[in-house]
Every structure is written in C-alpha cells, then in structure tokens.
Amino acid sequence: MLTAEELTQLSRGKTAKKPVFLMIRLLKKCTAKCQMCNIWKGAGEIPWESLENMIMQAFEAGIKEICFTGGEPTAYFGFFKAIKLIKQLGLNYSLITNGSNLSRKNVRKMMKFPPSRVFVSIDSPDPKIHDEIRGVIGIWAKAMNGICEFNKFEDRPKLIVNYVISKNTFRQVPEMISLGNGKFDEINLMQIKGMPDWQLTKDQIYYYNYSIVPKIMAALRKSGVKIRSNNPFIFGQKEKEIQSSTIGNYSAHSSRKNQCSISKIMLFVETNGEAFPCNNSPYYGAKFSLGNSFKQPLMQILNSEKAENVRCNISSCNECRTCDPINQETNRQLQALASIKCVERKAWKNEARN
C-alpha cells in the first residue's frame with residue numbers, strides 16, 4: 001500500500017477523491033510455500049485478455065498506479081507484456097514479490113519499463129530462518145541478490161522490504177534494518193495474520209516495545225532506512241491495544257474513527273475479477289465485493305451505488321481488525337489532510353462573507 005504522501009503525489013498534489021491506485025492479484029500460483037499464507041495452495045490467474053482490458057480501462061478511469069501481487073506476480077506469463085503496456089500509457093506500476101525471480105536477466109528486463117516501487121518479502125536477516133518460513137531453500141539469497149541487481153541502476157525504483165513480525169523474527173528487526181544500509185530504502189513492518197501460534201504473547205509485545213524498539217530506532221538512524229508506517233509500535237502501546245494484538249485484532253489502536261479513507265482511493269481486483277475496496281476486504285466475503293471487472297467496466301464499478309455505499313459504511317469494525325499498519329497510518333494521514341482541507345475551506349468561506 002502507498003503512503004498518503006505518495007497518493008497525494010499521484011493525485012498531482014491534491015487529496016484524492018476517487019481511486020488512483022489499483023492493486024491486482026495476477027495469479028495464486030507462487031514460487032514459495034510460505035507457512036503463514038494459503039494463497040499458493042489455491043488456483044487461478046487472470047486471463048491476458050482480461051488483464052489487458054483492465055489496464056486500458058484503468059487508464060481511462062484515471063488510475064495513476066497499478067500494483068501487481070500474487071502468488072508471485074513475476075511468475076505470471078504476461079507479466080512483462082503488462083508492464084510494457086502500463087508504461088506506454090504513462091502510468092506507474094509497483095509489485096509485491098518474494099524475490100525468487102529477481103535474477104539479473106529479469107531485473108534488467110524489468111528496468112526497460114521501470115517500476116516506481118518494489119516490495120520484497122524478507123522475514124529475517126538469517127537466511128535459514130527466512131527460507132524455513134518461506135518453504136524454499138535459497139529464496140533469501142535470491143531476494144537479496146535481486147535487491148542488489150536493482151541497485152546497479154541509477155534510476156532504480158524505491159525498494160521496500162516487507163517484514164512479517166512473528167515469534168521467530170521480532171528480535172531480529174534491528175539487524176534486518178542494519179542489513180538494509182545501502183541496499184533498500186524502507187522496511188514495512190507487518191504483523192503475522194491467521195496463525196495464533198505465531199502471534200506474539202503479551203510479554204513478548206512488551207519486550208518488543210521496551211527492548212527491541214529502541215534498537216530499531218538506533219538502527220534506523222545509523223542505516224538511513226525508514227519505517228514505512230513511521231511507527232514501530234505496530235502492536236500498540238496501551239494495555240488494551242496490546243491485549244487485542246495478542247488475539248490478532250491489530251486495529252484496536254488504529255486512529256480511524258469514521259469512514260475508511262483507504263477504500264476511497266484504491267481498488268483491489270482478485271484473480272476471478274471480483275473488485276474490492278482494499279486488499280484486506282476480500283478475506284471477509286462477498287459483502288465487500290463491488291462488482292466483477294470481467295463482466296463490468298471499471299468505471300461502472302467505481303461509480304456504482306454499491307461501491308459508494310460500501311465505501312461509506314466501512315469503518316474501524318471487526319472486518320478491519322487485521323488492517324496492515326501502513327494502511328492504518330495512511331488512513332490517519334488522509335483523514336488529517338481532509339480535516340485540514342475542511343478547515344481551510346471554512347476559513348475561506350468565512351473570509352469571503354466578511
């Protein structure tokens with residue numbers, strides 16, 4: 001997910017009032033077998049004709065950036081055709097990858113149509129721990145080598161490491177940040193989801209907050225790497241927040257009090273064409289579906305009454321309990337920007353009256 005600043009830049013300096021960011025799950029097939037993910041166990045991929053049509057419609061609908069996810073998006077048979085088309089249309093693209101296909105050949109091929117951002121999943125500075133989590137021996141080395149290949153280009157994309165924090169990896173975050181010195185730009189700290197046995201206990205969260213976070217801050221200052229959500233306390237700091245995090249309810253400390261702003265500026269499309277207001281909502285069933293992009297034009301989906309109703313009714317509810325830290329932070333920033341704009345409009349109106 002993008003930050004509020006990045007979304008504002010895509011909207012040419014204005015607060016986005018309609019989706020400018022489209023995330024597409026190209027396929028469920030993956031080159032990894034991550035223990036905390038079930039997507040790779042499924043089947044399905046977007047037909048090329050449907051993807052090509054969706055990209056063209058995204059351009060017409062005013063989408064500014066398309067993010068590819070999976071499965072492993074670089075394993076999609078039409079991946080390079082898709083990024084060429086996107087760049088020809090003058091759009092940005094980004095991708096979320098496990099790094100297994102970031103060979104020198106593929107990175108050079110990708111940089112002919114360079115992405116704006118590449119999110120690489122690395123869950124530990126220890127290759128053995130990471131490979132065990134991801135279910136493939138040698139995948140850590142491939143991911144790190146891929147990052148190094150991107151760094152050979154002066155116009156390389158922003159490189160972000162997606163780091164899933166679990167019982168096995170929370171102590172190693174500072175070391176991962178130090179490893180990023182001169183290699184990647186940001187680290188996106190994410191909580192483990194759907195695996196109670198891997199979630200941090202209350203005592204471990206307190207240890208993380210009081211012992212690990214200071215080391216994280218020191219590593220950030222020394223390495224120049226940034227935390228994408230600007231907040232290392234992703235499990236909360238108050239007693240209630242920490243208790244909620246131990247059972248996987250990570251949104252208890254979200255600043256969101258009203259409607260979700262994320263759902264107003266992004267759209268997520270599954271491999272079967274179903275469109276959702278964000279990348280978290282597909283996990284909660286058809287009630288969040290806005291329509292099917294294989295059967296309806298994107299513009300029709302975006303402007304439908306159903307889409308408007310879903311966006312207006314999404315709030316900090318049970319369905320959003322596993323919302324990613326970056327989404328929560330982006331939502332907070334977007335709401336703050338909206339509040340500032342509202343105050344400015346009121347002040348302008350009062351001044352005009354006087």
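The values are calculated or read from the model by the stated rules, or taken from the named source; none is laboratory data. All of these numbers come straight from a predicted model, not from anything done at the bench. Quick reminder, even Gly has a Cβ in these numbers, built from the backbone with ideal geometry, and neighbours come from all protein chains shown. Side chains included, ligands, DNA and RNA excluded: accessible areas come from the protein's heavy atoms. Shrake-Rupley method; radii C 1.70, N 1.55, O 1.52, S 1.80 Å.
So here's what we get for this one:
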| item | result |
| --- | --- |
| Positions within region 220-247 being assigned to a helix (DSSP H, G or I) and open to solvent by less than 10 Å² (accessible area, probe 1.4 Å), in sequence order | Ile242, Ser245 |
| Among the candidates Ile133, Ile139, Ile122, residue that is open to solvent by less than 20 Å² (accessible area, probe 1.4 Å), closer than 17 Å to Ile96 by Cβ and without any contact (Cβ under 8 Å) to a residue 60 or more places away in the chain | Ile122 |
| Within region 191-217, tally of residues that are exposed (fewer than 13 other Cβ atoms within 10 Å of the Cβ) and assigned to a helix (DSSP H, G or I) | 6 |
| Pair list, Cβ under 7 Å, 6 or more apart: region 304-320 residue among the hydroxyl-bearing types (Ser, Thr, Tyr), other residue at pLDDT 60 or above and open to solvent by less than 60 Å² (accessible area, probe 1.4 Å) | Ser304/Leu290; Ser304/Gly291; Ser315/Cys260; Ser316/Ser251 |
| Test: residue in region 52-67 that is open to solvent by 40 Å² or more (accessible area, probe 1.4 Å), in contact with a helix residue (DSSP H, G or I) (Cβ under 6 Å, 6 or more places away or on another chain) and among the charged types (D, E, K, R) | yes |
| Boolean, Ile137 is touching a Phe, Trp or Tyr at 6+ places or on another chain (Cβ under 6 Å) and modelled with pLDDT of 95 or more | no |
| Residue check for Asn327: polar (S, T, N, Q), assigned to a loop (DSSP other than H, G, I, E, B), modelled with pLDDT of 65 or more and crowded, with 18+ Cβ neighbours inside 10 Å | no |
| Among the residues listed as Asn106, Asn101, the single one being modelled with pLDDT of 95 or more, outside any loop (DSSP other than H, G, I, E, B) and of a type outside the set (D, E, K, R) | Asn106 |
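Conditions (1) under 18 Å from the mean Cα position of the chain (by Cα); (2) modelled with pLDDT of 90 or more, marked per residue:
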{"residue": "Thr15", "(1), (2)": "no, no"}
{"residue": "Val20", "(1), (2)": "yes, no"}
{"residue": "Ile55", "(1), (2)": "no, yes"}
{"residue": "Thr74", "(1), (2)": "yes, yes"}
{"residue": "Gly78", "(1), (2)": "no, yes"}
